[in-house]
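> My structure is below; once you've seen it, I'll send some questions.
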Amino acid sequence: MISQLREVFSKDYAKETFFRKKTLEAVNVFKLKNQSESIEEKIARLRDSGYKSNFEVKADYIE
Amino acid sequence: MKKEDFDYLWREGIVCVAQQLEKKLPVGHESYVRLDVSDAKEDLLYIEYDRSRLALREKFFDGGEDIENRIDTHKICACIADALLRVHIFEFLSNEDVLPKEICYVNYKLVFVASLHVLYLLMLSDYMKDDNEKYEQLKKKAGLELPETNPGHDSYAMGRIKTLALNDIYGNDFDRLSYADMMFWIENYNRAIIDCMLNEKRKE
């Protein structure tokens, strides 16, 4: 019984380990991309325009 | 983001929300909690923000070849939220009493609303560049709208605030990518509302 269990567990474990090893090797294919405008440019535009925020913490946000 | 850019978001985006939240706290809150918006607190927050951003960049972002890949608006908001979870702008004072509910929530409310405010500012900047009519419309709204939830549920904002609190209390890692995804959908929702309003206006 125990040997049967061990066999099943080991097979699954080996498969899982192989999957992890291969995806880790290929991790760069999953990495995110973004080549839009930088945050620095967005902030500079607000700052240079002299914008002062009028944002209101509305009651329905927090009650 | 350089410190001078972070200074702008701190001053315009975070401190402004913290001060509005403080005004909504119950009378006598001073014996439980103290708002600290000093330069020293800002420096601490910037260090945490930058740590969060670098970790996100290193693990999840393609470095880029010809053009550098950058961390976008929504992930910047998520890194600010992450930093605010670690650096408490409202400091709890030693007090034997049970904390009033509004005070328990205050740092988590700040995390959510300040990240929304940063999103609002960066949306304004995008509109400022691309579309003056939409810029004026968003400015007039003075905030962002959030979707209605199903009957019987917490409001969208309170649901998010409670989730932030519970994950923090139980020691679960803050998931910056999921938070950034939520920011994306909030932006998308508000852009759709503005587009719709302007289309209706043009029809009149």
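> If each residue of separation counts as 0.36 nm, what is the full-extension length gain between B:Ala55 and B:Asp43 once their alpha-carbon separation is subtracted?
Gain on extension, B:Ala55 to B:Asp43, equals 2.5 nm.
> Note down the magnitude of the dipole of the range B:93-172 about its Cα centre, charges +1 on Lys and Arg C-beta and -1 on Asp and Glu C-beta and zero elsewhere, to the nearest 20 debye.
Details: 9 positive and 12 negative charges, 15 e Å.
The dipole magnitude comes to about 80 debye.
> Right, another one. Per-residue Cβ counts within 10 Å, from other chains only, averaged over A:25-38: what number is that? Walk me through the numbers before you get to the answer.
Working: counts 0, 0, 2, 2, 1, 2, 8, 12, 7, 11, 7, 5, 7, 6.
Mean inter-chain Cβ contacts per residue within 10 Å come to 5.
> Pairs to check: B:Lys2/B:Lys59; A:Lys52/B:Lys2; B:Lys140/B:Lys162; B:Lys2/B:Lys201. Give those whose C-alpha atoms are more than 32 Å from each other in this structure.
On the way: B:Lys2/B:Lys59 21 Å; A:Lys52/B:Lys2 20 Å; B:Lys140/B:Lys162 29 Å; B:Lys2/B:Lys201 40 Å.
Violating the 32 Å Cα-Cα cut-off are B:Lys2/B:Lys201.
> R0 = 51 Å: FRET efficiency of A:Val29 with B:Ser31, Cβ-based, nearest 0.05?
Working: r = 55 Å, r/R0 = 1.08.
It comes out at approximately 0.40.
> Could you tell me the calculated FRET efficiency between B:Asp195 and B:His153, based on Cβ-Cβ distance and R0 = 35 angstrom, to the nearest 0.05? Each step should come with its number before you reach the end.
Numbers: r = 27 Å, r/R0 = 0.77.
About 0.80, to the nearest 0.05.
> Between B:His74, B:His153, B:His88, where does the largest GNM mean-square fluctuation fall for chain B, given springs only between Cα atoms within less than 10 Å?
B:His153
> Please list, in order along the range B:11-22, the HN-Hα scalar couplings obtained from phi with the Karplus expression 6.51 cos²θ - 1.76 cosθ + 1.60 (θ = phi - 60°), rounded to whole Hz, x for Gly and Pro.
Running phi through 6.51 cos²θ - 1.76 cosθ + 1.60 with θ = phi - 60° gives 5, 7, x, 9, 4, 4, 6, 4, 5, 5, 5, 4 Hz.
> Apply 1/(1 + (r/R0)^6) to the Cβ-Cβ distance of A:Glu16 and B:Asp175, taking R0 = 25 Å, and write down the FRET efficiency to the nearest 0.05.
Details: r = 23 Å, r/R0 = 0.91.
Computed FRET efficiency for A:Glu16 and B:Asp175: 0.65.
> Across 5 Å bins from the origin, how do the percents of Cα pairs in chain A run, short distances first?
All Cα pairs, binned at 5 Å, distribute as 3, 12, 8, 8, 8, 8, 9, 7, 7, 8, 8, 6, 5, 2, 1, 0 percent.
> Considering only A:Ser38, A:Thr23, B:Gly171, whose Cα is most displaced toward the positive end of the charge dipole of the protein assembly as shown, charges sitting on Cβ of Lys, Arg (+1) and Asp, Glu (-1)?
Selected residue: A:Thr23.
> Another one. If Rh is defined by the Kirkwood formula over all Cα pairs and Rg also comes from Cα, what ratio Rg/Rh do you get for chain B?
Working: Rg = 18.2 Å, Rh = 18.4 Å.
Rounded to two decimals, Rg/Rh equals 0.99.
> Mind checking which aspartates and glutamates have their Cα closer than 17 Å to the Cα of B:Lys24? Skip sequence neighbours fewer than 8 apart in that chain.
Partners within reach: A:Glu56, A:Asp60, A:Glu63, B:Asp36, B:Glu91, B:Glu102.
> Further question: May I ask you to list the GluC sites (Glu not before Pro) in the range B:127-193 that are in a DSSP loop and have at most 12 other Cβ atoms within 10 Å of their Cβ?
Working: sites: B:Glu133, B:Glu136, B:Glu145, B:Glu148, B:Glu187; in loops: B:Glu145, B:Glu148.
When the GluC sites (Glu not before Pro) of the range B:127-193 are filtered for loop state and at most 12 Cβ neighbours within 10 Å, B:Glu148 remain.
> For A:Ala59, project a label point 7 Å along Cα to C-beta. Then give me every residue of the range B:1-44 with its amide nitrogen under 15 Å of that point.
Under 15 Å, as judged by backbone N against the label point of A:Ala59, lie B:24-26 of the range B:1-44.
> Let me ask you something else. In debye, nearest 20: dipole of chain B around its Cα centre with unit charges on the Cβ of K, R (+) and D, E (-)?
Details: 28 positive and 39 negative charges, 97 e Å.
Computed about the Cα centre, the dipole is about 460 debye.
Read the figures in this text as sums done on the coordinates, not as results from a lab. Just so you know, these numbers come straight off a predicted model, no measurement behind them. Counting neighbours? That spans all protein chains shown, and the Cβs are built from the backbone with ideal geometry, glycine included.
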